Structure formats: C-alpha cells, structure tokens
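Notes follow once the structure below has been shown.
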Amino acid sequence: MALWGNKDLVYSDGTISVDLGAKTITGSGTTFTTAGITAGNVVTVGTGATYGYAVVSSVTSNTVIAIAETSHFVSGVSTVPASTAYQISEEPIYVLGDSHYIAPEAKADYFSGVFGVDRLEVGVAATTTVGSKAGAYAVAHSGWVGVTTYVDGHGNLRVKSEVLVAGGISTTADAADDARFPE
C-alpha cells in the first residue's frame, strides 16, 4: 500500500451504504474488484465528504469493501444510508488524520479539503475569478494540494493552499473538484 498515488478519481460508479460497526462498504451498481480498487485507496463518502472518509483495507467482491477504521467520519455519524454518492481516489492517507483537512463539519463560510490538481488545472485556477477575487484558488504547483477557505471579519474570501505532495496528477477521470479547480 503506497502513501499516495496520482489519481484524484479512481472510481465512482453506482452508490454505496456503509456499516460503521462492521467496517464495510456495500455498493449498488459497483464493480470494485473489476475496477482495480486496492488497499490504501481513499473513499470520500457523500457528496463533498458529507459523511467523511474511509481507507480501503481490502476488497471482498465487486460490491463489498472492508475499511480500516471509522475515525475519519464526521462526528455523530452512525449510519450512511443506501444510495449515497462516493468517489475513490489515491489521496494521501496521512492527511485524513490532519486536523486541517478533517471531514467537513457544518461550518458557514468555511471549506477545507485536499485536491489532486493537474498542470492544466493549476493554470486555469490562476486566472479564475471567485466572487471579486481573481486567482482565488491559485496554487503553487500541481500535485496533492490542501486548501482551506474562510471569510475574514471584513467579508473578504481568504484562501490558503499548501502543496502536500508535488507531482503529476492524472485527471483523465476527474474528481468532482471543478468548482475550485476547473479544466
């Protein structure tokens, strides 16, 4: 199991449910084995990590994945219902335990997450205007990038980014990050 890979989206067909007690993800319309999902892949559970994250410990079948732990789920989550959206990536596992990039709790005017950003996305983000701020999501380098946003006391959007792993990211199958990092 590698510490990270270069794909911001490995797989996302179908939907899932999660049994936190049994530490299993059950898919509907999925082909986990056939798609090549492996131990160490990161599952973002819910659109925008509504429920949190899990790390694949093993793939049992095309419809069942075992997860290593449940500590990266949003506080208070006890079940993840059927028909939940998800995506599987090769995101760095070590950021899941970093308090800067924890699963998103309900916070107004705040976002924190890790993105796989390729060279094309770096260029476009540098020129994209968000609100009145040109290049709001500009990043220093392609790779795995941590981004935190907030609104300051004067109502201005502030964006902090940190390149966690510099390198080439493959976005031939792109994760749902285009609101911040469009092609």
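Every number in this text was worked out from the coordinates using simple rules, so none of it is lab data. This structure is a prediction, so every number in the text was calculated from the model and none was measured. Because the Cβ atoms are built from the backbone with ideal geometry, glycine has one as well, and the counts that use them run over all protein chains shown.
Some notes on this structure:
- P(r) tail for the range 107-166: Cα pairs beyond 20 Å make up 22% of the total.
- Put simply, when 132-138, 43-49 are sorted by average Cβ atoms within 10 angstrom per residue, most first, you get 43-49, 132-138.
- Residue-averaged [θ]222 nm for the chain, counting only DSSP H segments that reach four residues, each worth -39500 (n - 2.57): -1500 deg cm²/dmol
- Placing one equal scatterer on every Cα of the chain and applying the Debye formula, the log10 ratio I(q)/I(0) at q = 0.09 Å⁻¹ is -0.31.
- Close amide H partners of Leu20, meaning residues 5 or more places away or on another chain with modelled amide H under 5 Å apart, are Val80.
- Dipole magnitude for the chain: about 160 debye, using +1 per Lys or Arg Cβ and -1 per Asp or Glu Cβ, origin at the Cα centre.
- Computed from the C-alpha gyration tensor, the three semi-axes of the ellipsoid equivalent to the range 15-94 are 17, 14, 12 Å, from longest to shortest.
- Table column - 3J(HN,Hα) (Hz), the range 6-17, Karplus curve with 6.51, -1.76, 1.60, x for Gly and Pro: 10, 10, 7, 9, 9, 6, 7, 5, x, 9, 9, 10
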